[in-house]
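Every read-out reported here was derived from the displayed coordinates using simple, explicitly stated rules and does not represent laboratory data. Everything numeric here is computed off the predicted structure, so don't read it as measured data. For neighbour counting, all protein chains shown are included, and Cβ atoms are generated from backbone atoms with ideal geometry for every residue, glycine included.
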Amino acid sequence: MNRWLLPEDIADVLPAQARTVESLRRAILDLYQSYGYELVVPPILEFLDSLLTGTGSDLNLQTFKLVDQLSGRTLGLRADMTPQVARIDAHLLNRQGITRLCYAGSIAHARTPVGSAAREELQLGAEIYGCATWEADFEAISLLLKTLSLASLNQVHLDLSHAGVLAGILAGQEISKPEIETLYGLLQSKDRPRLSAWAQCLPAPSAAALIALTELNGPCAEVLKNAKKRLPQHQMIDDALAQLDKLVGAASTLSTGLELSIDLADLRGYQYHSGVMFAAYVDKLPQPIARGGRYDYVGQAFGRPRPATGFSLDLLTLAHLAPLCARKPAIIAPWLNDAALLKAIAELRSSGEVVIQVMPGDILEADQYQCDRELVKQGATWEVKQT
């Protein structure tokens, strides 16, 4: 057996890509700090019941499970950091006002997600707690676009939806959780024949509204106009469409490279989200580069209801799409036990220079550095000379 082989869809990140990943991570977290977001670092392992609190069955299937040798309880290797951050806000920070939190850390999936080539991701995200109005959703979208811009991704297609539309259509209906999951899958795939058969148990207006959802996608103004005509009158539906209308109006001014659309059947994460939902697409990537939205009920599962909205993305995927960082200039120095040389090297490094010491006769192999200068001895001093 080859000991250097890795599990399926698990990969190393090599120097060129790793440098881009780290550069982006630093720049993005600095951006979030400028907005007042505070960095948190949740543990990679938690008790399974805590890790899956307030989430749907999809996350359960994606979570690696193992037994804690100390307590005998089942642990989970996180597949999503958002529930962990919600737990921190609800249970540990316990603040009354608005809290902005951000995070960056590894997650693992038991199965390779559809459209992805990796089971390990470096998840990065930002969340706003304590604000129930659409302005918080707008801030999350604005911050997401700035995040993508740091990776030189300025042409973005943003697809909006709202969990309140389906909730309003099904209001007053007794539907089991497995049946809801089936419905979610039918809407996601826009399988109208099977959806029509599934909806036979519902009142005719509700069944017709479900079919209408599969057709309500495209340009925002057109979808909102048709939705008001084709969907039943209900306060939850009216509120959802009004929020989408406000967001579209505000977001349309954010970037000249932003293309907006609405798909009212795109309810991925329906069990998770409670309001506005959005997915960002960029060129050369068939699946969304980022997803986000409102999830007010996750904190409630931890005993403290808190309005919440935010987004997350895979930093490894983002770095793959971003231009690689240019090779960093470096200075070559001999590896000698010379006090003057060591002092010169220390001063150069303190000033931000990269100094690489090389043994006589050795060949330096470092793809990330362009060694365009060297330290040479001039009399009693060491000076930097162009190579």
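Of note:
- Residue 300 versus residue 246: modelled label distance in nm, points set 7 Å from Cα along the beta carbon direction: 2.0
- Exposure proxy order (Cβ contacts within 10 Å, fewest to most) of 116, 161: 116, 161
- As a rough footprinting exposure proxy, the listed residues 177, 228 were ranked by other beta carbons within 10 Å of their own, and the order from fewest upward is 177, 228.
- Compared with the direct C-alpha span, the chain from residue 367 to residue 35 gains 116.0 nm at full extension, assuming 0.36 nm per residue.
- Once the Cα-Cα distance is subtracted from the 0.36 nm per residue extended length, the residue 142 to residue 67 segment shows a gain of 22.9 nm.
- Counting beta carbons within 10 Å around each of 45, 254 and listing the fewest first gives the order 45, 254.
- Angle in degrees between helix 220-230 and the longest Cα principal axis of the chain, rounded to the nearest 10: 20
- Each residue of the range 98-103 was assigned a 3J(HN,Hα) from its phi angle through the Karplus expression (A = 6.51, B = -1.76, C = 1.60, θ = phi - 60°), giving 6, 10, 10, 10, 9, 7 Hz with x at Gly and Pro.
- Each Lys and Arg adds +1 at its Cβ and each Asp and Glu adds -1 at its Cβ; summed about the Cα centre, the chain shows a dipole of about 240 debye.
- Helix 204-213 and the longest principal axis of the Cα set of the chain meet at an angle near 30°.
- GNM remark for the chain: springs join alpha carbons under 10 Å apart, and the peak mean-square fluctuation among 359, 81, 277 falls on 359.
- Listed residue pairs exceeding 28 Å between alpha carbons, taken from 229/284; 146/190; 146/284; 190/228: 229/284; 146/190
- If R0 is taken as 35 Å, the Cβ-Cβ distance between residue 154 and residue 338 corresponds to a FRET efficiency of 0.10.
- Among the chymotrypsin sites (Phe, Trp or Tyr not before Pro) within the range 30-80, those in coil by DSSP and having at most 15 neighbouring Cβ atoms inside 10 Å are 35.
- Counting only DSSP beta bridges with both residues in the chain, the antiparallel share comes to about 75 percent.
- For the chain, the mean residue ellipticity at 222 nm estimated from helices alone is -10500 deg cm²/dmol, where every DSSP H run of n ≥ 4 contributes -39500 (n - 2.57) and the total is divided by all residues, rounded to the nearest 500.
- Helix 177-189 axis versus longest C-alpha principal axis of the chain: approximately 70°, rounded to the nearest ten.
- Highest mobility in the GNM of the chain, judged by mean-square fluctuation with C-alpha springs under 10 Å and restricted to 299, 275, 36, is found for 36.
- Hits among aspartates and glutamates - C-alpha to C-alpha of residue 385 under 20 Å, sequence gap 8 or more where chains match: 338, 347, 353, 362, 372, 374
- Long-range amide H partners of residue 262 with built H, under 5 Å: 160, 218, 220
- Of 276, 298, 354, the one that fluctuates the most in a GNM where the chain has Cα springs shorter than 10 Å: 354
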